[in-house]
Amino acid sequence: MRTFLDFGSDAVLLAGLTGDNWRLKDYVARGGYEALKKILNEHIAPEEVLAEIKLSALRGRGGAGFPTGMKWSFMPPNAPEKYVVCNADEGEPGTFKDRDILRFNPHAVIEGMIIAAYVMGCARGYNYIHGEIWEVYERCEEALDEARAAGFIGSHIMGSGFSFELFNHHGFGAYICGEETALLESLEGKKGQSRYKPPFPANVGLYGKPTTVNNVETLACVPLIVKNGGQWFQNLGQPNAGGTKIFSVSGDVERPGNYELRLGTPFATLLEMAGGVRGGRRLKAVIPGGSSSPVLPAAIMMETHLDYNSIAKAGSMLGSGAVIVMDETRCMVRCLQRLSEFYHEESCGQCTPCREGTGWLARIMHRIEHGEGRPGDIEMLDRIAHDIMGRTICAMGDAAALPVRSFIKHFHDEFEYHIKHRRCQVADHV
Amino acid sequence: MPLSAATRQKIDKAIAKYPAGRQQSAVMAALTIAQTEHGWLSSETLREVAEYLNMPPVAVYEVASFYSMYHLKPMGRYVLTLCTNLPCALQGSDVAARYLQETLKIGWKETTPDGMFTLLQGECMGACQEAPVLLANHQRMCCKMTPPQIDALLVQLRAEASQEERHE
């Protein structure tokens, strides 16, 4: 079974990966650690590396899309204790790209973290790995041992004045820890509940020290940028968003999997790469950027290009690049009910609007789905979602509310039908 | 049951990952190690971990009760967690859920009378291209779990259990 290792012809991050060639020697044979060697051997200053990252127009791949170079520049230069943290707590439903990067190419992330640490002056880093992927955590431990043995991690790396220690931290099942401040709480050995921002982690992060948290895919881009130049990376994408993006395609397609594309590729191309809609059925709806991003009907999606601006203009978000495809037989009430249960289950309980609101949403969705919907339920769903948004410490409140508002906006008839007739409008088989 | 010497050794290795005085950061690892040894986390184990990491017991309890993969009650020998989130649901997790419940004759959060299997409903495990995804004892990821695959897994786990018993 190698079909899921066909990542597409645009691939640079996942190019040449077979599933077996993840070890240090393989990575080096692919040109790995050359970026780090170049920096240390040629004494390239941190500011020069930062300038290349800025030129590359790399934007955070975890979902928010914030410019990485700018994020790094927020770190205070002279603080004595600073941390770089990799967010590998990939739990956004539909997203499975970081798992593939980590298991097939762990050293790209390690090298990216070492370079990030060099630029920001961090002596220590942590890779926070999603609880459910224990086997990947074990592989990352092995890869770190290899990097340490080869002298890429530790004191005076390759005889330079730069020292850096890196460790893996294994999570244990909490969606909220994908939020960077909740992740930091968890890393400190506490419940993963988000912190107020400001102060931002760049000022008060892990153990109260300046910290930058970056996504796996973001960090994996860094060695390529240093090696090939910021301009090269920027040219792969668009003026305000450089590079390729990995799209995780799941749901009703023939070949679910990760596909790496240049930003700005039409959605129709991605759908074709994934083998089209399963069983030759018609496309009904797509959630383009992970379960928290608003759903879009087929007609809009088929006209949309896959980049930050185009998807925003279409009314959704590029998010984590998780594309969940639903065909014509799917009941939108049932699909939303699944998501509402998830957000209720995963709300950390800290903020009342999210803790209570997600429960109300889940219960109303449950009764509509089970033929007990009442007149006014759709309006109530919308009002609850509205009242959660912007009223919580972290973005999870919005994440729970956005799907609800988009489902009832685009598929209003189906929700009305469900309440009135106490059953699905379509031949549901979810 | 006190923490065994082997468990303490593993916890020490986890503590070494964090700066001096920050051993609380190792609490998740310590609980994972203890749970792997005992199958669940008793109040006694939580107190032991608290003492070992120099934390208030309630702080350890907060962590153990917050993260979904820690168990504060005894579980079956194999905890089977099936993802039922939307991407898995679109790719057959409903069939897998029904099949597991019918085959094991138990519902969610229940354990088979022989104490072998506990069935849990899980959230996204980040492997949706290989849906339906099932996690065995939180460490072994089993992909594309169609009924024949589920049958094969159950046979395999039962065989592993009887082999372990012969060794004990």
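The values are calculated or read from the model by the stated rules, or taken from the named source; none is laboratory data. None of the values given here were measured: they were computed from a predicted structure. Cβ coordinates were reconstructed from backbone atoms using ideal geometry, including for glycine residues, and neighbour counts include every protein chain displayed. For the accessible areas, the whole protein counts, side chains as well, though only heavy atoms, and no ligand, DNA or RNA atoms are used. Shrake-Rupley method; radii C 1.70, N 1.55, O 1.52, S 1.80 Å.
Odds and ends about this structure:
- Among the residues listed as A:355, A:330, the single one being closer than 21 Å to residue A:398 by Cβ and among the charged types (D, E, K, R): A:355
- Scanning the stretch B:135-168 for residues that are in a loop (DSSP other than H, G, I, E, B) and farther than 21 Å from residue B:37 by Cα, we see that the one that is least open to solvent (accessible area, probe 1.4 Å) is B:145.
- Residues in the stretch B:1-60 that are part of a loop (DSSP other than H, G, I, E, B) and closer than 27 Å to residue B:118 by Cα were compared, and the one that is nearest to the other protein chains (Cβ to nearest Cβ) is B:41.
- Test for residue A:64: is it open to solvent by 50 Å² or more (accessible area, probe 1.4 Å) and either within 24 Å of residue A:187 (Cα to Cα) or not β-branched (Val, Ile, Thr) (or both): yes
- Residue match in the stretch A:70-85 (condition: within 19 Å of the chain's Cα centre (by Cα) and β-branched (Val, Ile, Thr)): yes
Yes or no, residue by residue, for (1) touching a residue at least 12 places away in the same chain (Cβ under 8 Å); (2) under 23 Å from residue A:144 (Cβ atoms); (3) among the hydrophobic types (A, V, I, L, M, F, W, C):
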| site | (1), (2), (3) |
| --- | --- |
| A:16 | yes, yes, no |
| A:24 | yes, yes, yes |
| A:29 | no, yes, yes |
| A:40 | yes, yes, yes |
| A:51 | yes, no, yes |
| A:58 | yes, no, yes |
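- Just one of the listed residues (A:289, A:275) is buried (at least 19 other Cβ atoms within 10 Å of the Cβ), over 27 Å from residue A:376 (Cα atoms) and under 24 Å from the mean Cα position of the chain (by Cα), namely A:289.
- For the stretch B:115-125, the tally of residues that are closer than 17 Å to residue A:342 by Cα and either out of contact with any Pro (no Cβ under 9 Å at 6 or more places or on another chain) or at pLDDT 95 or above (or both) stands at 4.
- Tally of residues being over 19 Å from the mean Cα position of the chain (by Cα) and open to solvent by less than 10 Å² (accessible area, probe 1.4 Å) across the stretch A:123-136: 1
Let's see how each residue does on (1) closer than 30 Å to residue A:335 by Cβ; (2) free of Cβ contacts under 8 Å to residues at least 24 places away in the same chain; (3) assigned to a strand (DSSP E or B); (4) aromatic (Phe, Trp, Tyr):
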{"residue": "A:212", "(1), (2), (3), (4)": "no, no, yes, no"}
{"residue": "A:219", "(1), (2), (3), (4)": "no, no, no, no"}
{"residue": "A:223", "(1), (2), (3), (4)": "no, no, no, no"}
{"residue": "A:226", "(1), (2), (3), (4)": "no, no, no, no"}
{"residue": "A:231", "(1), (2), (3), (4)": "no, no, no, no"}
{"residue": "A:234", "(1), (2), (3), (4)": "no, no, no, no"}
{"residue": "A:247", "(1), (2), (3), (4)": "yes, no, yes, yes"}
{"residue": "A:250", "(1), (2), (3), (4)": "yes, no, yes, no"}
{"residue": "A:255", "(1), (2), (3), (4)": "yes, no, no, no"}
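- Residues in the stretch A:385-404 that are in contact (Cβ under 8 Å) with a residue 60 or more places away in the chain, in a helix (DSSP H, G or I) and buried (at least 18 other Cβ atoms within 10 Å of the Cβ): A:396, A:399, A:400, A:402, A:403, A:404.
- For the stretch A:137-152, a tally of residues being in contact with a strand residue (DSSP E or B) (Cβ under 7 Å, 6 or more places away or on another chain) and open to solvent by less than 10 Å² (accessible area, probe 1.4 Å) returns 2.
- Of all residues in the stretch A:83-96, those being open to solvent by less than 10 Å² (accessible area, probe 1.4 Å) and either more than 9 Å from every other protein chain (Cβ to nearest Cβ) or within 17 Å of residue A:164 (Cα to Cα) (or both) number 5.
- Selection status of residue A:310, hydroxyl-bearing (Ser, Thr, Tyr) and open to solvent by less than 10 Å² (accessible area, probe 1.4 Å): no
- Taken as a whole, the structure places residue B:117 among residues that are surrounded by 19 or more Cβ atoms within 10 Å (Cβ to Cβ) and farther than 21 Å from residue A:184 by Cα.
- Residue B:49 being under 21 Å from the mean Cα position of the chain (by Cα), farther than 24 Å from residue B:126 by Cβ and not assigned by TED's automatic domain parsing to the domain that holds residue B:161: yes
- Exclusive hit being part of a strand (DSSP E or B) and surrounded by 20 or more Cβ atoms within 10 Å (Cβ to Cβ), set B:80, B:100: B:80
- Qualifying residue in the stretch A:154-170 (condition: open to solvent by 10 Å² or more (accessible area, probe 1.4 Å), touching a residue at least 60 places away in the same chain (Cβ under 8 Å) and in contact with a strand residue (DSSP E or B) (Cβ under 9 Å, 6 or more places away or on another chain)): no
- Under the condition of being without any contact (Cβ under 8 Å) to a residue 24 or more places away in the chain and aromatic (Phe, Trp, Tyr), the residues counted in the stretch A:257-273 number 0.
- For the stretch A:344-377, the candidate set comprises residues that are within 14 Å of chain B (Cβ to nearest Cβ) and of a type in the set (Gly, Ala, Ser); within that set, the residue that is surrounded by the most Cβ atoms within 10 Å (Cβ to Cβ) is A:347.
- Whichever residue in the stretch A:175-200 is open to solvent by 10 Å² or more (accessible area, probe 1.4 Å) and closer than 24 Å to residue A:114 by Cβ and, among such residues, is farthest from the other protein chains (Cβ to nearest Cβ): A:200
- The residue pairs whose first member lies in the stretch A:301-326 and is within 14 Å of chain B (Cβ to nearest Cβ), whose second member is open to solvent by 40 Å² or more (accessible area, probe 1.4 Å) and not aromatic (Phe, Trp, Tyr), and whose beta carbons are closer than 8 Å, counting only pairs six or more residues apart or on different chains, are A:320/A:62.
- Per the listing B:99, B:78, the residue uniquely more than 14 Å from the chain's Cα centre (by Cα), more than 8 Å from every other protein chain (Cβ to nearest Cβ) and of a type in the set (Phe, Trp, Tyr) is B:99.
- Taken over the stretch B:17-34, the criterion of being open to solvent by 70 Å² or more (accessible area, probe 1.4 Å) and closer than 20 Å to residue A:129 by Cα is satisfied by B:22 alone.
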